[in-house]
Amino acid sequence: MSKEFKLPQNLLLGVATASKQIEGGDTDSNWNDWYERGEIRDGSNPARANDHYNRFKEDIDLMAEMNIEIYRMSIEWSRIQPKEGCFDEGVIEHYREEVKYLQSKRIRVLLTLHHFSNPMWFERIGGFLNKDSSDIFLQFVTTVVLKLGDLVSEYITINEPNVYVTSAYYFGEFPPGHKSFKECREAFTNLALSHIKAYKGIHDIRKKMGFSDTKVGYASHVRVFEPSRKNNSFDKISAKLMDQLFQVGIDDACMIGRVSFPIKNHKYFEKGKYYDFVGINYYARSMVKFFEEFPKAEAPHNDMGWEIYPEGLGIVAKRYYEKYNAEIYITENGTADRNDKFRSKFIYDHLKVIANCSVPITRYYHWTFIDNFEWMDGEAECFGLVNLNYETQVRTPRESCIFYSEIIRNKNITDAMYSKYVK
Ligand code: BGC
């Protein structure tokens, strides 16, 4: 049977990264402190990472060779604002250079303003538990957009508030390593307010600058929660509850200002529409039994044990489109595969779901461009299309990278490509 399929003509393809995971150099963030406290499992230091801050031209040249059309990148708050009230003009200029260089290669930028890392001064005053955190964040966002707004029209305010909050305040795996449901609710609420204020702020600033093409959204980590035993009422109820706790509550608060558990009521929540696209980071499905979640056993898994479930991408895209009715951007999708054994198949299967999906998915950002600092797992996991030797900093495109580059160039997958790369 033929394996060939065409991608929708209006689907743009690219890669996503996060500053803390690739830049190196910076030592003023909570992740540097987390490292100092011995919390990175393999002991690797985020100050090394990929040295992308100095090598961004080399990396962008490589992206251009890969035919990348769109790039989701983030900027590092702790670099731009190393101390409260102090913004580093040199760093802002650096990011202007980076964006201009991308544009000179015809790569369109989607800029993330917060991706899991905080400046240490902000962390010390409670981070997103601080009752003024949404205003503090807004001040940072305002400064950035005033300085970069003439170059950048598309923004993601916050990456995965749900993963950030549960990892930092419930499972204790991200800094500050707390385990408190009460704090989770507080941080969720403040992040939703931060998103809404940033959404409005970015639009206001760019409007005053005379631009009408601004697009703002945020990236939600969306999972499929499925009852482990299909007809068991406990499993069904707990799958629904996890869905509410992990995604429905925060997504409704950020996107439409609707308050539901675990979000706390706040006088600033006002019903509205706070997104210009729906950003979905999709990785896996979770099976739920009572109140436990785990990957399905009899299924393919990646290096980290996450289930590979391409159909889930179609399920979440449809669900979010029907609910929020805006173009879907897959702002992250990728897999940990050190030996590049199944990444090409992963890409093939997920893009096929997109090609056959009945709702408009117009962007696909593969996670990720290059192996990077994978948070508490340090340098141990390999999500990159490009392999990185951390010692020598040599970048080597994997076979799946060549496959993906050909897909972008042709906007289709032929039988010959399938048998060459997917096997
Ligand atoms: C995060 C990335 C991370 C990836 C793989 C996503 O949830 O946004 O920063 O590297 O998952 O773990």
Original post:
Modelled label-to-label distance, D135 and K105, 7 Å Cα→beta-carbon offset: nm?
Top reply: 4.2 nm
Original post:
When the Cα centres of the stretch 38-91 and the stretch 362-415 are compared, how far apart do they sit, in Å?
Top reply: 16 Å
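Hey, can you find the accessible area per residue of the stretch 278-385 for me, probe 1.4 Å, expressed in square angstrom? Provide the component values of the computation, followed by the final result.
On the way: 3690 Å² over 108 residues.
Value returned for the stretch 278-385: 34 Å² of accessible area per residue.
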Subject >> FRET efficiency, 1/(1 + (r/R0)^6) with R0 25 Å, evaluated for I125 and L146 via beta carbons >> reply: 0.60
**OP:** Give, in whole angstrom and from largest to smallest, the semi-axes √(5λ) of the equivalent ellipsoid of the stretch 34-77, with λ running over the eigenvalues of the Cα gyration tensor.
**Re:** 28, 11, 10
Subject >> Largest to smallest accessible area among H203, H350 [probe 1.4 Å] >> reply: H203, H350
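Provide the gained length on full extension for the span R319 to K208, in nm with one decimal, where the gain is 0.36 nm per separating residue minus the Cα-Cα distance.
Numbers: separation 111, 0.36 × 111 = 39.96 nm, distance 3.51 nm.
Result for the pair: 36.5 nm of gain on full extension.
Between F181 and Q393, what's the calculated FRET efficiency when r is the beta-carbon distance and R0 is 35 Å? Round to 0.05.
Numbers: r = 42 Å, r/R0 = 1.19.
Approximately 0.25, to the nearest 0.05.
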Subject >> Karplus (6.51, -1.76, 1.60) ³J(HN,Hα), θ = phi - 60°, over the stretch 280-296, in Hz, Gly and Pro reported as x >> reply: 10, 9, 10, 10, 7, 10, 10, 8, 10, 10, 6, 10, 10, 10, 7, x, 4
**OP:** Could I have the simple spin-label model distance between R96 and A64, label points 7 Å from Cα toward Cβ, reported in nm to one decimal?
**Re:** 2.1 nm
Subject >> Largest-first ordering by accessible area, 1.4 Å probe, given options E226, E154 >> reply: E226, E154
Original post:
For S117, what accessible area in Å² do you get when you roll a 1.4 Å probe over the heavy atoms of the protein chains, rounding to the nearest 10?
Top reply: 10 Å²
Original post:
Hey, what number do you get for the chain at 222 nm if only DSSP H runs of n ≥ 4 count, each worth -39500 (n - 2.57), divided across all residues, to the nearest 500?
Top reply: -11500 deg cm²/dmol
**OP:** Report, by chain and number, residues whose modeled amide H sits under 5 Å from the one on A336, excluding near sequence neighbours (fewer than 5 apart, same chain).
**Re:** D303, M304
**OP:** Provide the three semi-axes, in whole Å and in decreasing order, of the ellipsoid equivalent to the chain as defined by the square roots of 5 times the Cα gyration tensor eigenvalues.
**Re:** 29, 27, 22
**OP:** Enumerate the amide H contacts of I70 below 5 Å, restricted to partners 5 or more residues apart or on another chain; note that Pro and chain-start residues carry no placed amide H.
**Re:** L13, G14, V15, R108
**OP:** Set the Förster distance to 45 Å, then compute FRET efficiency between K296 and K200 from the Cβ-Cβ distance, nearest 0.05.
**Re:** 0.65
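The values are calculated or read from the model by the stated rules, or taken from the named source; none is laboratory data. Quick caveat, the model's predicted, so the values are computed rather than measured. Quick reminder, even Gly has a Cβ in these numbers, built from the backbone with ideal geometry, and neighbours come from all protein chains shown. Each accessible area value is taken on the protein alone, full model and side chains, heavy atoms only, with ligands, DNA and RNA left out. Shrake-Rupley method; radii C 1.70, N 1.55, O 1.52, S 1.80 Å.
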